[in-house]
Amino acid sequence: MIVAITGLKPFNLLKKIHFLSLSGPLMKKALFSKGNLHGHSFQNKGYFHTITAWDKRECMMEYVYSPAHQKAIDIFEKLGEGKTCHYETSGLPDQNEALIYWERNAK
C-alpha cells in the first residue's frame with residue numbers, strides 16, 4: 001500500500017477559501033479513483049492535511065497526473081506553505097502516525 005500525506009497552511013483568508021474550494025472536490029475524486037483504499041482530511045497547527053492510501057503506486061500516480069490534480073499542484077505554492085510525501089507500508093497508519101511521518105519527511 002502507498003500512503004500519501006499532504007499539508008498546506010494557507011497564507012491568508014482568501015487563499016484558505018480558494019484552497020478549500022479545490023480540496024473538497026479533489027478528495028472526492030481521489031476517493032472514487034481506481035486503487036484508492038482510504039482518504040480523509042484534517043487540520044493540525046494551521047495546516048490542512050489530506051491522507052490517501054492506494055493499493056498500487058501506479059493508481060496513485062494516475063490520480064496525481066489527472067488534469068484536476070495537476071491544476072491544484074500548479075497553484076499549491078501560491079496558496080500557502082506546504083509539503084507532501086508518500087511511502088509504502090503494510091497497513092493504514094492512524095492519523096497521528098501519518099502526521100509524525102509527514103513532519104519528519106515531507107518536502
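Read-outs: derived from the displayed coordinates by stated rules, not from any lab. Note that the structure is a prediction, hence the values are computed from the model and not measured. Cβ coordinates were reconstructed from backbone atoms using ideal geometry, including for glycine residues, and neighbour counts include every protein chain displayed.
Taken over segment 24-54, the residue count meeting the criterion of being in contact with a Lys or Arg (Cβ under 6 Å, 6 or more places away or on another chain) and either under 13 Å from A72 (Cβ atoms) or among the hydroxyl-bearing types (S, T, Y) (or both) is 1.
Exactly one residue out of Y87, Y101 is hydroxyl-bearing (S, T, Y) and not in a strand (DSSP E or B): that is Y101. If you filter segment 69-98 down to residues that are over 23 Å from N12 (Cα atoms) and among the hydrophobic types (A, V, I, L, M, F, W, C), you find that the one that is surrounded by the most Cβ atoms within 10 Å (Cβ to Cβ) is A98. Quick check, is S41 touching a His at 6+ places or on another chain (Cβ under 9 Å) and either touching a residue at least 12 places away in the same chain (Cβ under 8 Å) or not polar (S, T, N, Q) (or both)? Answer is yes for this residue.
Among the residues of segment 28-50, how many are loosely packed, with under 15 Cβ neighbours inside 10 Å, not charged (D, E, K, R) and not in a strand (DSSP E or B)? Residues meeting the conditions: 3.
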